[in-house]
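The structure appears right after this line, and notes come after that.
The values are calculated or read from the model by the stated rules, or taken from the named source; none is laboratory data. Just so it is clear, the structure is predicted and the values come from calculations on it, not from any experiment. Every residue, glycine as well, gets a Cβ built from its backbone with ideal geometry; the counts of neighbours run over all protein chains shown. Note: accessible area is taken over every heavy atom of the protein model, side chains too, but ligands, DNA and RNA are not part of it. Shrake-Rupley method; radii C 1.70, N 1.55, O 1.52, S 1.80 Å.
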Amino acid sequence: MEERYNPTTIECKWQKYWSDNNVDVTVKDPARQKFYCLEMFPYPSGKIHMGHIRNYVIGDVITRYKRMRGMSVLHPMGWDAFGLPAENAAILNNVHPRQWTLSNIAAMKSQIASIGCSYDWSRELTTCLPEYYKWNQWFFIQMYNRGLAYRKKSFVNWCNACGTVLANEQVIDDKCWRCDDVVVQKELEQWFFRITAYAEELLRGCDTLSGWPEHVVTMQRNWIGKSTGAEVLFAVDGSAETIKIFTTRPDTLFGATFVCLAPLHPLADTLTADKTALKQIIDAYGKDDEKLGLFTGSYAINPVNNESIPIYIANFVLMDYGTGAIMSVPAHDQRDFDFARKYNLPIRQVIVAPDTQPGTDLTAAYEDKGTMHNSGEFSDLDSEEAKALITQSLATRGLGKAVTNYKLRDWGISRQRFWGTPIPIVYCDTCGIVPVNQDKLPVILPEDVVLTGTGVSPLADVEGFVNTTCPKCGAGARRETDTMDTFVDSSWYFIRFCSRGDEPPLKQDNIAYFMPVDQYIGGVEHAVLHLLYSRFFTRVLRDIKVVRFDEPFQRLLTQGMVCKETWKCPTDGWLFPEQVRDGRCLLCDSEVVRGRTEKMSKSKKNVVTPDELTAKYGADTARVFSLFAAPPEKDIEWSDQGVEGSYRFLNRLWGLIYNNLDCINVTSTVAKGKIFRKTHQTIKKVTTSIEKDYHFNTAIAALMELLNELSAFRAATDEDRAAIGMALRSLILLLAPFAPHLCEELWAVVGEKPSVFNHPWPQWDELATKEEEIELVIQVDGKLRAKQMISADLPDDDKKEIALGNAKVQEHLRGKNIKNILVVRGRLVNIATSGDSIA
RNA sequence: GCGAGAGUGGCGGAACUGGCAGACGCGCUGGACUUAGGAUCCAGUGGGGAAACCCGUAGGGGUUCAACUCCCCUCCCUCGCACCA
């Protein structure tokens, strides 16, 4: 054994060993319990960053731990390889997107390897390869045949910078989720997946996601956005037209004093004479600064009381939710209230708060439930009851019905880009839309393409691709030239991983054995996007009999971001840490300000790269620090000194074993003493920290404690030496998931056969964790007054006696009446007094 | 505005089901070893106080023998949703 810890040599050696000996290859063993641990696969940008590292290391610890617990663990990795950056790089550098992507993959793969993650690379998948995207096309056709994929013309979200459309989920605050450019509306023919057909099921499924963070489930529920209410028909006075409105408050129908249409509502144009004014309202649509209205000059008939009320066009009424038209009840909706005040429209109260009288001067809308008022036959009823009764009464007259609405829209999957899965559809002049025959799949993405980035699908110019024959009639026909959203690729990749690369992708017994994913780990940025699409896809796959379950991801861990402090100079802007010395900028000598701790980013110059880190300290230090700095779901603050601390810890462990090699093979039948006890306590603490909520930071803290105790201990007897030997072996095993290279090496040093990961996880003996002596904590009236060492097995009554007998305690009891004495968990005595003087 | 989560030493963070607040690490202070120390090792380290002791988990109230933990109010931060009728 070398005297010094040398991470570089050790890490190379064991990475080679693991790879040469297939240590990380999944063993599918039906006799054992399976565990599927998955980290969200990366887009191959070419560079691994600390966020990836943190994600993968968390997954790797869980994987290695579960393997040591004897489970058959599936831990795969692959590449989300289609997407825009490849295309942009192609335009910029004149390389083919495939070449750019594949060389990035090679680079990232070696970076991932250098942190020692135990992936089963025999299952590696790359979504831009035909053998993968063939199945996107196959699923598309299955969905087309079931009416779940359809084509329609509609206004879509268009990103000019990306030159393509975006799904609703991919628009964040009116900006593109990827490039942050402003998203505009454009009318296009697009392919959609009918995710709305599963809206109710996806919503109900949320109740079963007990292994997910609550806020992620809430985000999914909000996104689906179910609301129940009624559709009500308002006739247009003096016309055959009717306006269909949606409301969640049919109970307030008698209070409707006007009707509002969305600016793009079909009737808006018909009813409005002043086209210039209408244009202004259309321009103001969706702007959240002010509510604008335009009176059409027409009136609508309220079906519950035949009252004639004005019809307005309003910029705040959404066209793509409900029916694009609303009834306005200013007394009971704040938005309508504001609008009514602005345009001097009547406000009529029809719901009265419990225990109050109808007021005359409302200062704000009353939006709660209450008692019906001024509502014809429904007056004096409870407003909640009235909802159903009014809806029913409208329904019998054919003027309304109960309706459930969802905010969720169908998933638009067409992208006017090259680097994606071709949509397997052919347009024939006689047969119309015809799917490609399944035995002709995959539709291969052509090689020779001129990429211009102009926003027209590049495939449209590839004649050899576009021109084809109709699968139905054989006549000349044209292919669809849009490609699929890359979120299609990631909606089922976890199923592909169940089978090796040399096996069929949808092999039933593999899917049945490994799915669902037991632990999924990734960033919270996919809380709605990828996770909702995957839940949808899984249900579709269930309905086409590919899988037999509803939910793909049993437990979800959304890891926190990797952050670091920032430095800013008033003249030179953001600074690298090495540009700051003694609070001054090395460029201009100004005083610098320490900025907020923020997510690592190039622009803020607060990035630490995995390469420099592993070069300096080795992968194990990087792993231990990123796990020790905070629990996985929280953000971590990167600290160079903290990394040093983790490095010191591993060095001290090395030194400890080096100094105690003589203890390794000493055996003894006597199993007691403080080292023995501490070891069992540590096994318990580490195991429960991992099992309970993956709080690796406290697990590592416990290992540090054991190390500290061992370092301070001086062995006197063979029993002591045996205890140390046993403690060291346990320490190596317990630390192995966190610092795998070091522990593999130390495992060899103590004379064991590799791999340490084939060795069972240590067990603790509950009896052995018990202290013989404890420090009895004595309180008087809840305040700590004394501590005293006592034997742990004394009965409670003796502990009370000891507490009362303590000199310090007696001082504090002087002049007081003892009311009660409590013994808590055998460790604490609290003497409660009445405070009254005895004298 | 609505919803969720959080607020603990100089810093990152611990604390089971209400039971010793501050585990572990960083930093800092002192010491040892050293030609040297930004290496290593040892000791100390919430604040106040000479001490007894007092104070202390964002702030204020409450429940309890006992509150970081439970309840009510306020402040602040982070995230999500945001004219969804």
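Values for this structure:
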| read-out | value |
| --- | --- |
| Those residues of the range A:60-104 which are crowded, with 21+ Cβ neighbours inside 10 Å and among the charged types (D, E, K, R), in sequence order | A:60, A:64, A:66, A:67, A:87 |
| Number of positions in the range A:822-838 that are modelled with pLDDT of 80 or more and either away from RNA strand B (no atom under 11 Å from the Cβ) or farther than 25 Å from residue A:770 by Cα (or both) | 3 |
| Residues within the range A:780-811 that are in contact with a Lys or Arg (Cβ under 9 Å, 6 or more places away or on another chain), within 9 Å of RNA strand B (Cβ to nearest atom) and open to solvent by less than 60 Å² (accessible area, probe 1.4 Å), tallied | 2 |
| Whichever residue in the range A:589-633 is polar (S, T, N, Q) and part of a loop (DSSP other than H, G, I, E, B) and, among such residues, is modelled with the lowest pLDDT | A:590 |
| Lone qualifier among A:151, A:178 - being closer than 20 Å to residue A:422 by Cα and open to solvent by 50 Å² or more (accessible area, probe 1.4 Å) | A:151 |
| Qualifying residue in the range A:659-678 (condition: polar (S, T, N, Q), over 30 Å from the mean Cα position of the chain (by Cα) and open to solvent by less than 40 Å² (accessible area, probe 1.4 Å)) | yes |
| Residue within the range A:76-86 that is touching a strand residue (DSSP E or B) at 6+ places or on another chain (Cβ under 6 Å), modelled with pLDDT of 95 or more and outside any strand (DSSP E or B) present | yes |
| Breaking point among (1) under 17 Å from the mean Cα position of the chain (by Cα); (2) more than 16 Å from RNA strand B (Cβ to nearest atom); (3) without any contact (Cβ under 8 Å) to a residue 60 or more places away in the chain, for residue A:525 | (2) |
| The range A:306-321 residues that are under 17 Å from residue A:225 (Cβ atoms), paired with ones that are of a type in the set (A, V, I, L, M) and surrounded by fewer than 20 Cβ atoms within 10 Å (Cβ to Cβ) (beta carbon under 8 Å, 6 or more apart) | A:319/A:264 |
| Residue match in the range A:620-632 (condition: more than 16 Å from RNA strand B (Cβ to nearest atom) and touching a residue at least 24 places away in the same chain (Cβ under 8 Å)) | no |
| Unique match (being open to solvent by 20 Å² or more (accessible area, probe 1.4 Å) and either in contact with a Pro (Cβ under 9 Å, 6 or more places away or on another chain) or not aromatic (Phe, Trp, Tyr) (or both)) among A:481, A:421 | A:481 |
| Criterion violated by residue A:777 - all others in (1) within 13 Å of RNA strand B (Cβ to nearest atom); (2) in contact (Cβ under 8 Å) with a residue 60 or more places away in the chain satisfied | (2) |
| Checking residue A:662 against (1) in contact (Cβ under 8 Å) with a residue 24 or more places away in the chain; (2) in a loop (DSSP other than H, G, I, E, B), the condition it does not meet | (2) |
| Listing of strands (runs of 3 or more DSSP E) fully contained in the range A:279-375 that carry 1 or more residues being away from RNA strand B (no atom under 15 Å from the Cβ) and surrounded by fewer than 22 Cβ atoms within 10 Å (Cβ to Cβ) | A:293-301, A:308-314 |
| The range A:103-115 residues that are over 14 Å from residue A:19 (Cβ atoms), paired with ones that are among the charged types (D, E, K, R) (beta carbon under 6 Å, 6 or more apart) | none |
| Close pairs (8 angstrom Cβ cut-off, 6 or more residues apart or separate chains): touching a residue at least 24 places away in the same chain (Cβ under 8 Å) in the range A:253-276, in a helix (DSSP H, G or I) and among the aromatic types (Phe, Trp, Tyr) anywhere | A:254/A:378; A:260/A:339 |
| Cross-chain or 6+ apart pairs with Cβ under 6 Å, the range A:339-362 first and within 19 Å of residue A:317 (Cα to Cα), then open to solvent by 40 Å² or more (accessible area, probe 1.4 Å) and in a loop (DSSP other than H, G, I, E, B) | A:339/A:291; A:340/A:347 |
| Residue in the range A:444-455 that is among the small types (Gly, Ala, Ser), without any contact (Cβ under 8 Å) to a residue 24 or more places away in the chain and open to solvent by 20 Å² or more (accessible area, probe 1.4 Å) present | no |
| Subset of the range A:582-601 (residues that are more than 12 Å from RNA strand B (Cβ to nearest atom) and closer than 14 Å to residue A:635 by Cβ) | A:600, A:601 |
| Total residues in the range A:771-787, condition among the small types (Gly, Ala, Ser) and more than 46 Å from the chain's Cα centre (by Cα) | 1 |
